[in-house]
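Report on the structure given below.
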Amino acid sequence: MTSLLIRSMAASPAMSTAATMRKTTASLFSMTHKGSMVGISSGDGRRAMHTSPTHETHAKYGGRFMVTALPGDGIGPEMIANVKKVFKAGGIPVDFEDVNLDSTHEDHENMFEAITSIKRNGAALKGNIETREHSKHFLSRNVELRLRLNLYANVIHCQSQSGVHTRHKDIDIYLIRQNTEGEYSCLEHESVNGVVESLKIVTRQRTEQIARYAFEFAKRNGRKKLTCVHKANIMKLADGLFLNICTQMAKEYPEIKYNNMIIDNCSMQLVSNPNQFDVLLLPNLYGNILTNIMCGLVGGPGITSGRNYGDTYGVFETGTRNTGKSVTGKNIANPLAMFNASADLLEFLGLDSHAQIIRDSIHDCVNVAKVHTPDLGGQNTTTDVVDYLLERVVDRTRL
């Protein structure tokens, strides 16, 4: 739908640029701004905040959950195959419905199939889909999924591992990113030859939604400090709105220390003194940039997972959204980020004990046995890591 809107915008030269953009923006806003505030259930911990949708949508058959699998491009198919292998060996009650959504086709049938599958099952495990420029109006599959499913919150937990040598120790930071607005609204046009305009969309409704989500998350997960990241000194209206809403909402949470920081300064502070941060609340583009910085600080793209939540659905993937094309088929890619994503998925399904088994096995792999792939300075293969995890999971699930 989104890409059709953008095509229609480009195909209507008779309509004025301003009128076209207003009409397209309104259509996108209508598509992505439906639904109520995220449901907050009672209790403590992660599930209280963002793993139980407001409506029970998880597909379950005979005591087993059905989950959509989107292998994507690059190492994605390999990584999801490894998760399936360990889940099967450990008797984890999850089956996968594979949908081949990748970057090689511009048609809408595969996207429709993926959206339908996720809506039917309620959750998905996803490899990254490369964004190739088939045409100037081709919309990123990753972005379109987030827009169509209203996955407005992206949550990344970056945490130091004792078994991984890094410059900084004891990092424990959550990044909460607005996932459907900002520069990722994908509204661009060439007004005259050689002049391109790109719209950054920031709305009060969406900003209040992600701010409320972040403050409630911090409150229910025992976090003490929240930092709003912005560039309101330059983008006084767009980032100014984001900053003002977050600052006003902070008054409702006096138990949480609140401050704000300009994005360029925050980037420097993260690499020089990351331990000052607890929870970062970010607009879309800044969230993407700082997520990659943070993942680098705790060991690289091979460890950290990413969670995408809406009011109803959850999609789980690697934190950096990297296809890993350069290591595809070489048996050296680190599968731990996808396994962490699988543990996030299990928590979303309410399979907390199984999720903990996966997490404990990952912890032992990284910090005890130190089965490390080359990205972590080791010499082990992908197969070595998967075999270690499989053995640990089987041991922990054996009756």
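The values are calculated or read from the model by the stated rules, or taken from the named source; none is laboratory data. Everything quoted here is computed from the prediction, not taken from an experiment. Ideal geometry is used to build each Cβ from the backbone, glycine not excepted, and the neighbour counts take in all protein chains shown. Note: areas computed on protein heavy atoms with side chains; ligands, DNA, RNA excluded. Shrake-Rupley method; radii C 1.70, N 1.55, O 1.52, S 1.80 Å.
If you roll a 1.4 Å probe over the range 167-298 with all protein chains in place, what percent of the accessible area is carbon or sulfur? Can you show the working numbers first?
Values: 3000 of 5690 Å².
Its accessible area is 53 percent carbon and sulfur atoms.
First select every other residue whose beta carbon is under 15 angstrom from the beta carbon of Asn244; then total the charges, Lys and Arg +1, Asp and Glu -1.
Working: positive: Arg204, Arg206, Arg212, Lys231, Lys236, Lys251; negative: Glu208, Asp239, Glu252.
Here the count lands on +3.
In the range 180-265, what % of DSSP beta bridges are antiparallel (nearest 5)? Before the final figure, lay out each step's value.
On the way: 6 of 12 bridges.
Within the range 180-265, antiparallel bridges account for around 50 percent of the total.
Taking the alpha-carbon distance from Lys225 and a cut-off under 18 Å, which lysines remain once sequence neighbours fewer than 8 residues away in the same chain are dropped?
Lys251, Lys257
If the reach is capped at under 17 angstrom between alpha carbons, list the aspartates and glutamates near Lys370, excluding any in the same chain fewer than eight residues apart.
Of all the aspartates and glutamates, those that pass the test against Lys370 - Cα under 17 Å, at least 8 places apart if same chain - are Asp360, Asp384, Asp387, Glu391.
Once you put a point 7 Å from the Cα of Val192 and another 7 Å from the Cα of Ala369, both along the Cβ direction, what distance in nm separates them?
According to this spin-label approximation, the distance is 6.5 nm.
Given a Förster radius of 56 Å and the C-beta distance between Lys325 and Lys251 as r, what FRET efficiency does 1/(1 + (r/R0)^6) yield to the nearest 0.05? Present the calculation step by step, with values, prior to reporting the outcome.
Details: r = 47 Å, r/R0 = 0.83.
E(calc), rounded to 0.05, equals 0.75.
Mind giving me the nanometre distance, one decimal, between the label points for Thr104 and Ile234, set 7 Å out from Cα along Cα→Cβ?
Simple spin-label model gives 4.0 nm for this pair.
Pairs to check: Lys231/Lys330; Lys88/Lys325; Lys84/Lys169; Lys85/Lys119. Give those whose C-alpha atoms are more than 31 Å from each other in this structure.
Lys231/Lys330; Lys84/Lys169
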